[in-house]
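The values are calculated or read from the model by the stated rules, or taken from the named source; none is laboratory data. Computed from a predicted structure; not experimentally measured. Here the Cβ positions follow ideal geometry from the backbone for every residue, glycine too, while neighbour counts run over all protein chains shown.
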Amino acid sequence: MTFTRIIAVPALALVSVLVGCNDSQKAAQADLLTQNETLTKQLEDKNNSLQDIGEQLARAQQQTSDLQSQLEACKQTAAAPSTDVAASGVTANDFQGIEGVEATVQGDDIHLTIANSLLFDSGRTSLKDSARKSLDKVSSAIKNKFSDREIIVVGYTDADPIRKSSYPTNYHLGFERAFAVRGYLDRKGVVGAHMGLMSFGPDRPEASKEKSRRVEVIVTSKTANSDAAAMKTEAPRNAPAAAGKVEATKATANRASAASTTKASTASKTSSTTSSSRKATVAPVTAGK
């Protein structure tokens, strides 16, 4: 009996130890599970944070791209002539939307570039019917807002030599076209005494021949002379034609002068020959005496 008890005690102790170990393992496993859950949660948070950072980076890159595009647009706007407002507050808004007319502000002046295809047929200087509607709007805007300004009408051409036209040079052709536009504006009520004329011919070409052929109406920032405004409007002389007449007159005068010189020279030679002949005739008579 005593022996049995002695053996039973160690057995109970072993069971107790085993039970204690099992509880410790369970506790350890529970701790590990808790740690695992915690780490998993932290990993998810990190992944979410990385995703947020990625989205923020994408937005920042898009904003950078947008800002670069805006910067390029600003550079182009700064390099190009302003179409809206000059430093003095002058705008070209009154001329916007007119067919065939490009309105820009350069300095304090408004430049109206009118396409030649709208105004004239090839080699011609008489206005096409299609030009009248646009020129009517130009004249109305000038009369309403800029009636006291000096206006310059400038003609330009391409560099192709004149072949079929009756005008000797592109400068003549450019002038005549500017003259035609100026005359139309005058008839529509723009004060003729306020308008000047110029022709650069082919000297200031644009990117293409088509764009080079144009007429510019420049509404300057200068106020026209009040005395000139009171004067009766009179169309300017046709400068190329007038110049041609002057040259023709000079040529006629030169020919007349040359003819006169020739006649005088001939008369002088005739007189000299006659005089010599007379002397030769008289000499023998004198000798006879």
Would it be correct to say that Val154 is of a type in the set (Val, Ile, Thr) and touching a Pro at 6+ places or on another chain (Cβ under 7 Å)? no
Residue list for region 196-213, filter: buried (at least 23 other Cβ atoms within 10 Å of the Cβ) and outside any loop (DSSP other than H, G, I, E, B): Ser199
Any chance you could count how many residues in region 153-164 are surrounded by fewer than 24 Cβ atoms within 10 Å (Cβ to Cβ) and either modelled with pLDDT of 95 or more or touching a helix residue (DSSP H, G or I) at 6+ places or on another chain (Cβ under 6 Å) (or both)? 2
From the residues in region 146-163 that are in contact with a Ser or Thr (Cβ under 8 Å, 6 or more places away or on another chain) and not hydrophobic (A, V, I, L, M, F, W, C), which one is farthest from Asp109 (Cα to Cα)? Asp158
Got a number for residues in region 125-181 being in a loop (DSSP other than H, G, I, E, B) and of a type outside the set (Phe, Trp, Tyr)? 18
Residues of region 122-139 being in contact (Cβ under 8 Å) with a residue 12 or more places away in the chain and either within 15 Å of Arg187 (Cα to Cα) or among the acidic types (Asp, Glu) (or both), in sequence order, are Ser126, Leu127, Ala131, Arg132, Lys133, Ser134, Leu135, Asp136, Lys137, Val138, Ser139
So, in region 186-219, exactly how many residues are touching a strand residue (DSSP E or B) at 6+ places or on another chain (Cβ under 6 Å) and acidic (Asp, Glu)? 1
